[in-house]
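What follows is one structure encoded as structure tokens, with my remarks underneath.
The values are calculated or read from the model by the stated rules, or taken from the named source; none is laboratory data. Predicted model, so just to flag it, every value in this text is computed and none were measured. Here Cβ is always computed from backbone atoms with ideal geometry, including for glycine, and neighbour counts include all displayed protein chains.
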Amino acid sequence: MNETKVKNERGKFPHVFSECKIGSVTLPNRVVFPAWVLNYANTDGTVSDKLMKYYTDLAEGGCGLIFTGAATVTDDGIPFDRVMSVSSDKCIPGLKKLFAAVKKTGAKAGIQIVHYGRQSSTSASGDVLMAPSAIPCPVMSQYDPEYKVREMTLEDIEMMREAFIAAALRAVKAGVDVVEIHACNGYLLNEFLSPYSNKREDNYGGSAENRARLVVEILAGIRSRLKDPAAVGLRVSGDEFVEGGLRPDDFKELVPMFEKAGMQMLNTTAGVYESMAHIVPPKDMGETPHVDMAAQIKQFTSVPVCAVGSILTIETAESILASGKAGLIAMGRAQMADPAIVRKTAEGREAGIMKCKHCNNCTFWTTGDPEVYCAVNPDYKKPAASA
């Protein structure tokens, strides 16, 4: 039995510390660490000692499901120098070691797989970027003087579909429990889903069914080739907060297609680069700004739905779960500040929790830092020379 659950048998926070099934995978509790681009990997995308420590600390701290990543499915269009990868078999040994370390604690190991699409940098990657339509990202095209994007051909789409499926199978071979398909925050698969960024006139554009086609094909392709009991999830931006973008009501049509194709968990987030504040909500948005969005989308599916966004305490997580608005709670910044927040709460040591200041200094892609730093956690504070 998971040690965190045993020590929570004082009866406090019963919803947080209850088990949750995702397909055939049973999570020891309802707290999730969402995939986060940390820029801690080796330069070839393999698992570094720093990544190993980061995720192992979270697992030992009691988090039920830890999504590593976002890990790239191909080597093109990568915007940073130390992004995790699962694009080739060379990544498997490091991932195998990482997943084993996470699972040894009783936590479940997840990985999120991604392609950045138009929201990357030609200067950084050296590539002409690919997208469903040749529409520049309004943010990155202003930031990058060499920015170039092209519309994907049908051959490109076929290659990308197979790249996602192959990446998922590599992760499963390495021992992962849950594979999550990244279709949110304005990256490639989100670009296909959204009428805001997808203006294609073929079978991958236009209707909701067509815009969802690539995601559906990836989900179905993974499930059909998966012989392991690993689960498959999907993460979406339930509201893009841009004119003409996806809204929660759109998922009434989209989610049943995903579920039919094999989705076993739905992880919600919000925003694209043009609405960056919704991706990592700042303090002035208040607490839990996107929970009601998750609750709305939860009506459209029977699989567990995960809520996220400025959920900074286990007390808040318990309240959300008790209300029925979500079945899982993603806590990113709170667990960055203190990776043992779950265990400390379970053991009645709340007074010793290092609390997130909600300062968003950890969002290195907005601060210009080379990697994620934390203003609270001494293990990840910005070096004095970089201050």
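Structure summary
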{"quantity": "Leading residue by the ranking (modelled with the lowest pLDDT) among those in the stretch 108-124 that are in a helix (DSSP H, G or I) and more than 28 Å from GLU201 (Cβ to Cβ)", "calculated": "ALA124"}
{"quantity": "Any hit, the stretch 261-270, residues being closer than 23 Å to LYS199 by Cβ and not aliphatic (A, V, I, L, M)", "calculated": "no"}
{"quantity": "Members of the stretch 50-107 found to be of a type in the set (A, V, I, L, M), part of a loop (DSSP other than H, G, I, E, B) and touching a Ser or Thr at 6+ places or on another chain (Cβ under 8 Å), listed by number", "calculated": "VAL73, ILE78, VAL83, MET84, VAL86"}
{"quantity": "Condition met for LYS325 (closer than 16 Å to GLY64 by Cβ and surrounded by 17 or more Cβ atoms within 10 Å (Cβ to Cβ))", "calculated": "no"}
{"quantity": "Scope the stretch 134-182; condition assigned to a helix (DSSP H, G or I) and over 24 Å from ALA109 (Cα atoms); matching residues", "calculated": "MET140, SER141, GLN142, TYR143, LEU154, GLU155, ASP156, ILE157, GLU158, MET159, MET160"}
{"quantity": "Checklist (1) modelled with pLDDT under 95; (2) more than 20 Å from ASN185 (Cα to Cα) applied to LEU321, failing item", "calculated": "(1)"}
{"quantity": "Conditions (1) touching a helix residue (DSSP H, G or I) at 6+ places or on another chain (Cβ under 9 Å); (2) within 26 Å of VAL31 (Cβ to Cβ); (3) at pLDDT 95 or above; number of the one not met by ASP249", "calculated": "(2)"}
{"quantity": "Cβ-Cβ under 9 Å pairs, at least 6 apart or on other chains, the stretch 231-245 side under 30 Å from LYS108 (Cβ atoms), far side assigned to a loop (DSSP other than H, G, I, E, B) and among the acidic types (Asp, Glu)", "calculated": "ALA231/ASP177"}
{"quantity": "Residue in the stretch 118-167 that is surrounded by the fewest Cβ atoms within 10 Å (Cβ to Cβ), counting only those that are in contact (Cβ under 8 Å) with a residue 60 or more places away in the chain and charged (D, E, K, R)", "calculated": "ARG161"}
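Residues checked against (1) within 29 Å of GLN142 (Cβ to Cβ); (2) more than 18 Å from the chain's Cα centre (by Cα):
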site: GLY233; (1), (2): no, no
site: ASP239; (1), (2): yes, no
site: GLN264; (1), (2): no, no
site: GLU287; (1), (2): no, yes
